[in-house]
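J.: This is the structure I have questions about; it appears just below.
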Amino acid sequence: MRVLLGKDINRKEWSRLVQSSSTGTWFQTPEAYEFFASMPELFRPFVFAIISKPESDSGSKNKETLRGVCVGYVTKEKNPIKQFFTRRAIIIGGPALADDCTDEEVIALMKAVREMLQSQAIYVETRNFNDYSRWKGAFEAAGFEYQKHLNFHVDTSSVEVVEKNIHKSRKRDIKTSLRDGAVIIEKPSLVQVREFYQILSQLYKTRVKTPLFPFPFFEKLWNQPYAHFLLVGKKNEQDKMCIIGGTINVGMDIKCLYEWFACGRDGEWRTIFPSSVATYAGIRYAAEHDMPRFDMMGAGKPDEAYGVRDFKARFGGKEVEYGRFLCIAKPFLYRIGVLGVKLLKAIK
């Protein structure tokens, strides 16, 4: 059993594992790693892999195979003070593990992740999009504590299934929006993406109150074949098409589409609901392009009220609780950071 880093990992085996694993997501692919690596001013990406001979092959001449891969990034702030207090290692989706991965293999992989990153980040966190319950004890043995967190998975096996499952009130909002001038734009221009970014920035500044990537991140993502920008437009009084919302999705064609960012100028019109149209556009896009699942990428903690969860619940998805695994490397700085975020969000 060995842990590999970066260039030592066979790319074909890496891609194969992510595609075949029930815990594989786009965020664990070589393409995701390369995307993060292309922006060193924002990210310090990492990838770890565990290789070993499966127990069923013991005594045979079969070679070691890739058993798990863990892709993530350490955030980087330009401001040295902010960087010191906000360093965090994020593993979006959770590691991709072979379905018969042993506890020993998971422990070896996650211990390597912890030991390498604990000097670089205040904490290391996996944001799970799939079920890791069979390996919960292994993560804990490696130094990661389980925390509950909700999400929604939407069945997009067909357009008919999507239309059947979506809540009546949400379906009505979408229908009136499209009737009264909202338009879904599947291939927006960069100028339109910039309009969308302005709406998203305002949302993060006034409501989300957490850092948002700068525009060059979105410009680079817009150029990638695996990213799907679905914007919502409406003509103004001068007959000019203006962006009023949208959603950014990334995905693996045969598995799932992930809603990474979404926003809308909600409340400005009585019968137009940009955010609802945007998320619906992503869900429908997945169904029309043979992606059997749409992942809403988080719905908050189960014991805390969360308006976004209420919004997402009406799109016909299944609420799942796959949680997060957290390893706190620097407890004092972590507590300061948690307090700071709470104070920031308390400010109206």
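The values are calculated or read from the model by the stated rules, or taken from the named source; none is laboratory data. In this text, all values refer to a predicted model and were calculated from it rather than measured experimentally. We place every Cβ from the backbone using ideal geometry, glycine too, and count neighbours over all the protein chains shown.
J.: Picking from Gly267, Gly251, Gly282, which residue would you name as being of a type in the set (Gly, Ala, Ser) and without any contact (Cβ under 8 Å) to a residue 40 or more places away in the chain?
T.: Going through Gly267, Gly251, Gly282 in turn, just one is of a type in the set (Gly, Ala, Ser) and without any contact (Cβ under 8 Å) to a residue 40 or more places away in the chain: Gly267.
J.: I need every pair where a residue in region 97-110 that is in contact (Cβ under 8 Å) with a residue 12 or more places away in the chain and surrounded by fewer than 19 Cβ atoms within 10 Å (Cβ to Cβ) has its Cβ under 9 Å from the Cβ of a residue that is part of a helix (DSSP H, G or I) and among the basic types (Lys, Arg), sequence separation at least 6 or different chains.
T.: Filtered contacts from region 97-110: Asp103/Arg134.
J.: Somewhere in region 19-28, is a residue assigned to a strand (DSSP E or B), of a type outside the set (Asp, Glu) and either buried (at least 22 other Cβ atoms within 10 Å of the Cβ) or at pLDDT 95 or above (or both)?
T.: Checked region 19-28: no residue is assigned to a strand (DSSP E or B), of a type outside the set (Asp, Glu) and either buried (at least 22 other Cβ atoms within 10 Å of the Cβ) or at pLDDT 95 or above (or both).
J.: Sticking with this one: Check Phe152 against each of (1) under 17 Å from Thr247 (Cβ atoms); (2) surrounded by fewer than 19 Cβ atoms within 10 Å (Cβ to Cβ) and name the one condition it does not meet.
T.: (2)
J.: Counting just the residues of region 299-328 that are crowded, with 20+ Cβ neighbours inside 10 Å and small (Gly, Ala, Ser), which one comes out nearest to Glu125 (Cα to Cα)?
T.: The residue in question is Gly323.
J.: Which one of Gly300, Gly282, Gly340 is small (Gly, Ala, Ser), within 26 Å of Phe217 (Cα to Cα) and touching a helix residue (DSSP H, G or I) at 6+ places or on another chain (Cβ under 7 Å)?
T.: Just one listed residue meets the conditions, Gly300.
J.: Kindly list, by first and then second residue, each pair from a residue in region 205-231 that is within 17 Å of Gln192 (Cβ to Cβ) to a residue that is polar (S, T, N, Q) and surrounded by fewer than 15 Cβ atoms within 10 Å (Cβ to Cβ), limited to pairs with Cβ atoms under 8 Å and residues at least 6 apart or on different chains.
T.: Lys220/Ser38
J.: Got a sec? Which of Ser157, Ser119, Ser133 is among the small types (Gly, Ala, Ser) and assigned by TED's automatic domain parsing to the domain that holds Arg309?
T.: Ser157
J.: Sticking with this structure for a sec: Would you mind listing the helices (runs of 4 or more DSSP H) fully within region 237-348 where at least 3 residues are farther than 30 Å from Val74 by Cα and touching a strand residue (DSSP E or B) at 6+ places or on another chain (Cβ under 6 Å)?
T.: 274-288
J.: Quick check: anything in region 224-236 surrounded by 14 or more Cβ atoms within 10 Å (Cβ to Cβ), in a helix (DSSP H, G or I) and either in the same structural domain as Met39 (by TED's automatic domain parsing) or in contact with a helix residue (DSSP H, G or I) (Cβ under 8 Å, 6 or more places away or on another chain) (or both)?
T.: Checked region 224-236: no residue is surrounded by 14 or more Cβ atoms within 10 Å (Cβ to Cβ), in a helix (DSSP H, G or I) and either in the same structural domain as Met39 (by TED's automatic domain parsing) or in contact with a helix residue (DSSP H, G or I) (Cβ under 8 Å, 6 or more places away or on another chain) (or both).
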